[in-house]
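Student: Input: one structure, supplied below.
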Amino acid sequence: MPAKKSYSVAELEGKANEIREDIIQLLVKAGSGHTAGPLGMADVFCALYFKVLKHDPKNPLWKDRDRLILSNGHICPVRYVAMAHAGYFPREWLGAFRRIDSMLEGHPSVKKIPALETSSGPLGEGLSQACGFALAARMDNAKYHTWCLLSDGEHQEGMTWEAAMLAGKYRLSNLTAIIDRNNIQIDGNTEDVMPLEPLREKYEAFGWHVEDVNGHDMRQIISTLEEAKAIQEKPTCVIMNTVAGKGVAFAENDYRWHGITPDVEQAREALRELRTLHGKIESEMD
């Protein structure tokens, strides 16, 4: 496994905030995309790419790499930015998000980015795909871990629960599901549209080990994900309780920001807030 730079929790928190800044700039330049989910998952993706994942940006198809499945592909801005910061491609390429012929499509394409395992767009498919990777690893006696990022809203899809049952049946201990529990979806709050609770108990009933985590506590995120790799008896589900639009006051916990982008003035306000949050000098957009 390639050697990793050791980051302190404080450094990772700073890096997560830089990821949020790049997300804002990427979105306002594209003029389309999703805002709330990517901002809310910046801490989790930072922890994955800079601490938890077994991966090598210089060798993206390394056979022993962990497999990361992004089921809720619409939050791809946070994955693209995290990958750029990790060294998969230059950060300058982020400016081409959603442009014709860009590798950074509005939903991730495995044909465009070799480091991806799957393409994603239609919600509800990722956990089934992740089960396939985990089963294949078991059959091949491979040592990689499979991670699946899911939205809470896509748990209204029946296919997700079929996959949850299968993972429990086969005790896929090499599989961890990470749920972005931000309680919103495109047309309202999840508990108003189609209630999901008790979410933890549902996964436990299907034979999963479940952890509830503050999705913005870097230390807790890392310790929980590292623990998940050590669970040997069953698959693990980590419910990441996040704030949609985290770090940008006008977007936080507002479902209307699920699928829209800030305009130039809103982006300036967001960047000032993010930069002030971590003691940086306020400045206009780059």
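The values are calculated or read from the model by the stated rules, or taken from the named source; none is laboratory data. On a predicted model such as this, the values are computed, not experimentally measured, just so you know. Positions of Cβ are backbone-derived with ideal geometry, glycine not excepted, and every protein chain shown enters the neighbour counts.
Student: For residues in segment 122-165 being over 25 Å from Lys54 (Cα atoms) and in a loop (DSSP other than H, G, I, E, B), which is farthest from the chain's Cα centre (by Cα)? Steps first, please.
Tutor: The initial filter retains those residues of segment 122-165 that are over 25 Å from Lys54 (Cα atoms), namely 122-124, 152-162, 165.
With in a loop (DSSP other than H, G, I, E, B) added as a condition, the list becomes 122-124, 152, 157.
On the way: Pro122: 16, Leu123: 14, Gly124: 15, Asp152: 12, Glu157: 19 Å.
Among them, the one singled out is Glu157.
Student: Scan segment 49-63 and report the pairs whose first residue is assigned to a loop (DSSP other than H, G, I, E, B) and whose second residue is among the β-branched types (Val, Ile, Thr), with Cβ atoms within less than 9 Å and a gap of 6+ or a chain change.
Tutor: Qualifying pairs under 9 Å: Pro60/Ile113.
Student: Here's another thing I want to ask about it. Can you tell me which residue among Glu233, Glu265, Glu197, Glu273 is in contact with a Ser or Thr (Cβ under 8 Å, 6 or more places away or on another chain), of a type in the set (Asp, Glu) and at pLDDT 95 or above? Give the derivation first.
Tutor: Working: Glu265 fails: in contact with a Ser or Thr (Cβ under 8 Å, 6 or more places away or on another chain); Glu197 fails: in contact with a Ser or Thr (Cβ under 8 Å, 6 or more places away or on another chain); Glu273 fails: in contact with a Ser or Thr (Cβ under 8 Å, 6 or more places away or on another chain).
Result of the check over Glu233, Glu265, Glu197, Glu273: Glu233.
Student: Is segment 88-100 home to any residue that is more than 20 Å from the chain's Cα centre (by Cα), modelled with pLDDT of 95 or more, surrounded by fewer than 20 Cβ atoms within 10 Å (Cβ to Cβ) and on the phi > 0 side of the Ramachandran plot?
Tutor: No, the conditions are met nowhere in segment 88-100.
Student: Another question, if that's okay. Could you check how many residues of segment 1-27 are in contact with an Asp or Glu (Cβ under 7 Å, 6 or more places away or on another chain) and at pLDDT 95 or above?
Tutor: The number of residues fulfilling the criteria is 2.
Student: Go through segment 64-83 residue by residue and tally those that are of a type outside the set (Lys, Arg) and in a loop (DSSP other than H, G, I, E, B). Before you say what the answer is, go through the steps one by one.
Tutor: Step one: of segment 64-83, the residues of a type outside the set (Lys, Arg) are 64, 66, 68-78, 80-83.
Remaining after also requiring in a loop (DSSP other than H, G, I, E, B): 64, 66, 71-72.
Qualifying residue count for the region: 4.
Student: Follow-up question, since we're still on this one. Testing Leu149 on (1) out of contact with any helix residue (DSSP H, G or I) (no Cβ under 6 Å at 6 or more places or on another chain); (2) crowded, with 22+ Cβ neighbours inside 10 Å; (3) farther than 21 Å from Ser119 by Cβ, one condition comes back false. Which one is that?
Tutor: Going through (1) out of contact with any helix residue (DSSP H, G or I) (no Cβ under 6 Å at 6 or more places or on another chain); (2) crowded, with 22+ Cβ neighbours inside 10 Å; (3) farther than 21 Å from Ser119 by Cβ one by one, Leu149 breaks only (3).
Student: Something else about it: From the list Ile69, Ile75, which residue is of a type in the set (Val, Ile, Thr), in contact (Cβ under 8 Å) with a residue 60 or more places away in the chain and within 18 Å of Leu225 (Cα to Cα)?
Tutor: Numbers: Ile75 fails: within 18 Å of Leu225 (Cα to Cα).
Ile69 is the lone residue from the list that is of a type in the set (Val, Ile, Thr), in contact (Cβ under 8 Å) with a residue 60 or more places away in the chain and within 18 Å of Leu225 (Cα to Cα).
Student: Follow-up. Tell me which residues, restricted to segment 50-70, are more than 17 Å from the chain's Cα centre (by Cα) and among the hydrophobic types (A, V, I, L, M, F, W, C).
Tutor: Correct list: Leu61, Trp62.
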